[in-house]
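Take a look at the structure set out below.
Every number in this text was worked out from the coordinates using simple rules, so none of it is lab data. Remember, it's a predicted structure, so these values are computed and weren't measured experimentally. Methodologically, a virtual Cβ is constructed for each residue, glycine included, from the backbone with ideal geometry; neighbour enumeration extends over all protein chains shown.
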Amino acid sequence: MVNDYYEINNLNKDESWRLFRIIGEFVTGFDRLESIEPAVTIFGSARVKQDDPVYLQAEDIALKLGQNGFNIITGGGPGVMEAANKGAVKAGVSSVGISITLPGEPHNEYATKSLLFDHFFTRKVMLVKYATAFVIMPGGLGTMDELTELLTLMQTEKIRPFPVILFGSAFWEGLLKWLRDVVHPLGYISEGDFDLLRITDSTDEILRIINKWREYHECVGNRAL
C-alpha cells in the first residue's frame, strides 16, 4: 500500500499544480523576511529537553546575539530551535521560526514571526538566505544535513561566505577527526572548503566571531579543521 505522506515519491508529471504551491512558499518567505537582517540562524536538535545544558546554552547564545542587535532564525520546532527563539524573545528582537509540517514535531511558541512550509528545499532557502552567520548546536541527522549543505553551498559559491560555528567541541570531535584523518587524505575535501568553519565551547566567543565578521569581514576563532 502506498503511503500518501511520501510526497516526493508520489510526485508525477500530472501534478504540476504543486509548482504554484512551491512558488507561493518562496513569495511568502521573501515577503515576510525581507527586513529581517542582520540575523543569525541557529541549528540543532529538536529532541533536547528544557533542562538539557544544550537547550540552556542555545537560549543564552540567542539572548546575547539579540542583545547585540541580531535577529534570530530557527527551524521553528522544539528543542534547540525553541531555546533559540526563547532567547530572542528575551532580547526583544525578531524571533523567526521557519517550520515545516512533520509528523510528531510541534512548532514552538516563542517564534514571534512564524512561517510554515510543506517543502524542505524552500524552507532551507529561507533559513540560509537572510543569515549573517550560522551557529550549529549538537544535533542529529537534520543538523548534519544543514551543516553539510551550508558548507557545500559556500564551496560551490551558491551563497555568500559567512562564518559557520560549531558549538560543543566534545560533540563534534569525532566527525571532525573523520574528516581530517580519512576524508581529507583521500582528496575528497580540501582545507579551503572549511576556511569559515569554527569551533568553540564559549557563548561569548560565538558573539566575538560574528561581530568581528560583521565589522571587519574577518573570520577569527579556532578553525575546526
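In this structure, the amide hydrogen of N222, modeled 1.01 Å from its nitrogen in the peptide plane, lies closer than 5 angstrom to those of I199, counting only residues at least 5 positions away or on a different chain. Within the listed set I189, I22, I100, the Gaussian network model of the chain (springs between alpha-carbon atoms below 10 Å) gives the highest mean-square fluctuation for I189. One quarter of the surface of the convex hull around the alpha-carbon atoms of the stretch 104-181 equals 6.7 nm², the direction-averaged projected area.
Extension gain, L141-D181: 0.36 nm per intervening residue step, less the Cα-Cα distance, totals 12.2 nm. Just name one of F167, V89, T122: the one whose Cα is farthest towards the positive end of the charge dipole of the stretch 72-172 (beta-carbon charges, Lys/Arg +1, Asp/Glu -1). Sorting the options by dipole projection puts first V89.
Just how far, in whole angstrom, is the stretch 47-74 from the stretch 121-146 if you go by their alpha carbon centroids? The distance from the Cα centre of the stretch 121-146 to that of the stretch 47-74 comes to 15 Å.
For I100, list long-range residues whose amide hydrogen, built 1.01 Å from N in the peptide plane, is under 5 Å from its own amide hydrogen. Residues meeting the criterion, in which the H sits 1.01 Å from N, are F117.
When DSSP beta bridges are restricted to pairs lying wholly in the chain, around 5% turn out antiparallel.
Charged side chains reduced to their Cβ positions (Lys and Arg at +1, Asp and Glu at -1) give the chain a dipole of some 300 debye around its Cα centre. Considering every alpha-carbon pair of the chain, the percent of pairs per 5 Å bin, from zero through the bin containing the longest distance, is 1, 7, 14, 19, 19, 16, 11, 7, 4, 1, 0, 0.
Each residue, I23 and F120, gets one label point 7 Å from its Cα in the Cβ direction; the gap between the two is 2.5 nm. Straight-distance candidates among the lysines for linking to K90, with alpha-carbon spacing under 21 Å and chain neighbours fewer than 8 residues away dropped: K49, K64, K113.
If R0 equals 22 Å, the separation of the Cβ atoms of R208 and S169 corresponds to a calculated FRET efficiency of about 0.85. For K158, the aspartates and glutamates whose Cα comes closer than 14 Å to its Cα, not counting residues fewer than 8 places off in the same chain, are E149, D193. Where does the charge balance sit around V89 when Lys and Arg score +1, Asp and Glu -1, over other residues with C-beta under 13 Å from its C-beta? Local net charge: 0.
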